[in-house]
């Protein structure tokens with residue numbers, strides 16, 4: 001399978017690079033399109049549609065095809081995958097029926113392929129990625145390969161979109177189902193944030209609303225361990241600092257912990273809402289601000305994936321949390337460079353509002369502050 005990555009800051013630039021990519025006879029069938037809301041995604045998708053290219057699309061908080069992250073651009077990974085090996089699904093969410101909709105998609109894919117795997121994009125601030133995962137898992141089984149991300153909107157955190165050919169929605173699921181008997185799909189979701197202190201108990205929570213940890217308001221105990229000052233509603237930088245540097249680490253009986261950053265504070269009781277469910281009675285630890293080890297852990301994880309499961313790849317797709325670039329800044333280039341060098345194949349990715357994938361040694365999860373790398377290889 002041949003893959004090529006292109007990027008640009010306008011529809012015209014994308015059209016130019018697309019035509020250049022096709023000039024040697026390359027005939028892509030599938031495009032992973034990560035496009036800023038500032039770009040005309042409908043026009044760019046129409047370019048692909050005119051070339052009979054199926055589009056999997058998400059809006060982003062930044063995008064890349066190499067080690068240099070961009071903002072306000074379009075990054076597109078083109079593949080000439082056999083059309084019989086993949087199927088696109090686009091399903092608007094109705095009410096809170098996330099699991100039901102994902103179950104329906106999984107049943108369709110299961111009828112088409114003996115062993116399907118899934119690459120997902122979800123839009124909508126309230127969309128429950130964990131319920132989507134549970135829906136797919138209920139049909140295919142716990143060993144299913146699922147990776148993806150929640151769409152972004154250039155850090156505005158207001159309205160995100162997923163899209164495909166002639167379809168676009170701010171509250172939907174876009175999904176590529178792959179035939180794993182024909183396409184090898186291997187991925188890893190890893191974070192690298194170090195924990196500090198002993199395990200503590202979530203003494204009051206409701207879904208993703210965490211009230212107290214060890215009977216102390218969660219905002220207060222987070223501020224204590226993080227050494228945070230000016231913990232007031234007037235501090236506009238507080239939430240970014242908590243979410244990107246001091247997330248809760250939800251401990252799992254199996255596999256790595258899952259990041260659960262505080263995203264919205266209820267100042268009436270100093271509780272906060274996290275990115276995913278934090279069950280009452282669960283164990284958590286607090287985090288240290290990231291350093292070089294965060295980058296090293298991600299790159300080493302990807303190297304181990306190559307050695308143990310995927311010696312060669314045709315293409316690489318990356319879903320990386322927007323919080324990582326907020327925390328790491330220019331160091332993000334080093335992480336992307338390290339990931340790219342593992343297989344040195346065409347790559348495209350986005351900075352997302354959440355990541356979907358299997359925690360190292362664990363279960364399918366909705367992640368945050370995590371890098372999710374997915375390698376694809378057409379079987380001989």
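The values are calculated or read from the model by the stated rules, or taken from the named source; none is laboratory data. Keep in mind the model is a prediction, meaning the values are calculated, not measured. Glycine gets a Cβ as well: all are built from the backbone with ideal geometry, and neighbour counts include every protein chain shown.
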Inset, instruction - Test residue 27 against the criterion of being surrounded by fewer than 18 Cβ atoms within 10 Å (Cβ to Cβ), in the same structural domain as residue 356 (by TED's automatic domain parsing) and within 25 Å of residue 313 (Cβ to Cβ), and give yes or no. - result: yes
Legend entry - Spans of helices (runs of 4 or more DSSP H) in segment 232-337 with at least 2 residues more than 30 Å from residue 77 (Cα to Cα): 238-245
Legend entry - Residues that are at pLDDT 95 or above and either out of contact with any helix residue (DSSP H, G or I) (no Cβ under 7 Å at 6 or more places or on another chain) or closer than 30 Å to residue 185 by Cβ (or both), drawn from segment 267-284: 267, 268, 269, 280, 281, 282, 283, 284
Legend entry - Test: residue in segment 85-98 that is modelled with pLDDT under 95, crowded, with 22+ Cβ neighbours inside 10 Å and within 18 Å of residue 147 (Cβ to Cβ): yes
Legend entry - Candidates 129, 148, filtered to the one that is under 24 Å from residue 375 (Cα atoms), surrounded by 19 or more Cβ atoms within 10 Å (Cβ to Cβ) and at pLDDT below 95: 129
Inset, instruction - Within segment 143-178, count every residue that is assigned to a loop (DSSP other than H, G, I, E, B) and under 23 Å from residue 40 (Cβ atoms). - result: 15
Inset, instruction - Could you list all residues from segment 105-133 that are part of a helix (DSSP H, G or I) and in contact with a strand residue (DSSP E or B) (Cβ under 8 Å, 6 or more places away or on another chain)? - result: 105, 106, 108, 109, 110, 112, 129, 130, 132, 133
Legend entry - Flag if residue 134 is surrounded by fewer than 17 Cβ atoms within 10 Å (Cβ to Cβ) and under 18 Å from residue 55 (Cβ atoms): no
Legend entry - Residue list for segment 305-343, restricted to those being surrounded by fewer than 19 Cβ atoms within 10 Å (Cβ to Cβ), in contact (Cβ under 8 Å) with a residue 60 or more places away in the chain and under 20 Å from residue 358 (Cβ atoms): 306, 309
Inset, instruction - State yes or no: is residue 186 assigned by TED's automatic domain parsing to the domain that holds residue 374, under 16 Å from the mean Cα position of the chain (by Cα) and more than 26 Å from residue 263 (Cβ to Cβ)? - result: yes
Inset, instruction - Would you mind finding the one in 117, 169 that is touching a helix residue (DSSP H, G or I) at 6+ places or on another chain (Cβ under 9 Å) and on the phi < 0 side of the Ramachandran plot? - result: 117
Inset, instruction - Filter segment 261-289 down to residues that are within 19 Å of the chain's Cα centre (by Cα) and within 26 Å of residue 334 (Cβ to Cβ), then give me how many there are. - result: 2
Legend entry - Residue ID - farthest from the chain's Cα centre (by Cα), chosen from residues in segment 220-255 that are surrounded by fewer than 20 Cβ atoms within 10 Å (Cβ to Cβ) and within 13 Å of residue 195 (Cα to Cα): 225
Inset, instruction - Answer with yes or no whether residue 241 is without any contact (Cβ under 8 Å) to a residue 12 or more places away in the chain and not assigned by TED's automatic domain parsing to the domain that holds residue 355. - result: no
